[in-house]
Amino acid sequence: MLAKSKEPTTMVASIDEDTSHRTSSYTVAKPWVDLADLEAAVVADWDPGVRAFIQEGAGTGRAVAANRAAHAKWALRSRVLVDVSKIDTSTGVLGQRVSLPVLVAPSGLHTLVHPEGEVATATGCSEAGTILILSSGTGRTMDDVRATGAHTWFQLYWHDRDRTRELVNQAADVGFTAVCFTVDMPVRPLLGASMRTGVARVAGQDAAVPPASRRSPDRRRLGPRRPPDLEGP
């Protein structure tokens, strides 16, 4: 939960629930000018495993670094001596109108850092007038997220055809309007030491991941299965 203080450049953020793996409270006491400042203050309260799981990537982290470098090349184009009395940042994405050309990409287990998890994220997306792409590794059910009224798409790892059909049908039944397929994980990625720590840190968080849907009580997770040839004992 984020709430602006009386100082326009100061933001105070707090989470009321105190658990072993969630931030109980944090405060950004000094002015901040961008999300990087806010991120630094929040991350300071995370344990190393949660931080690695959320912020790092596979291998040596080159893909994460490349993504950050690519993003840094974009900038807002200044326009001067033009009428700005009426500004419209809205656009359309696959037939869905959004208030700005920014969507929330899929990332798993928001419940690690906020008691409401993806429900809070969806609420924020709804208020901002944009789309949440819900991860297959969600910490909240599809039904819970859809109950917020947000515009939602569903991110899906490719499984065998029966499992894929099952998850697509679940998403369609509760009102997801598009599916975003992740098709680059036929095998598990190589993980560096810190990322292995992150994965180990969240491996026991079964209670934070409810059933995929009340329509499928035997499915405890939405995350990807390992291919048969990689299954352990």
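The values are calculated or read from the model by the stated rules, or taken from the named source; none is laboratory data. Bear in mind the structure is a predicted one, so any value in this text is a computation, not a measurement. Cβ coordinates were reconstructed from backbone atoms using ideal geometry, including for glycine residues, and neighbour counts include every protein chain displayed.
Listed values, structure above:
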item: Subset tally (residues that are in contact (Cβ under 8 Å) with a residue 60 or more places away in the chain and charged (D, E, K, R)) for the range 35-75; result: 3
item: Where a residue in the range 76-90 is within 16 Å of Leu100 (Cα to Cα) and its partner, wherever it lies, is modelled with pLDDT of 85 or more and of a type in the set (Gly, Ala, Ser), with Cβ under 6 Å and at least six apart; result: Ser90/Ser99
item: Qualifying residue in the range 38-47 (condition: touching a Gly at 6+ places or on another chain (Cβ under 9 Å) and at pLDDT 85 or above); result: no
item: Residues (in contact with an Asp or Glu (Cβ under 9 Å, 6 or more places away or on another chain) and in contact (Cβ under 8 Å) with a residue 60 or more places away in the chain) located in the range 114-134; result: His114, Pro115, Gly117
item: The range 79-126, residues that are under 30 Å from Pro48 (Cβ atoms), assigned to a loop (DSSP other than H, G, I, E, B) and among the charged types (D, E, K, R); result: Glu116
item: Residue tally, condition in a loop (DSSP other than H, G, I, E, B) and at negative phi, over the range 148-199; result: 17
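Conditions tested, residue by residue: (1) in contact with a helix residue (DSSP H, G or I) (Cβ under 8 Å, 6 or more places away or on another chain); (2) at pLDDT below 75; (3) over 17 Å from Glu118 (Cβ atoms); (4) loosely packed, with under 11 Cβ neighbours inside 10 Å.
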| residue | (1), (2), (3), (4) |
| --- | --- |
| Leu156 | yes, no, no, no |
| Asp162 | no, no, yes, yes |
| Ala171 | yes, no, no, no |
| Phe181 | no, no, yes, no |
| Leu190 | no, no, yes, yes |
| Met195 | yes, no, yes, no |
| Val202 | yes, yes, no, no |
| Asp206 | no, yes, no, yes |
| Arg225 | yes, yes, yes, no |
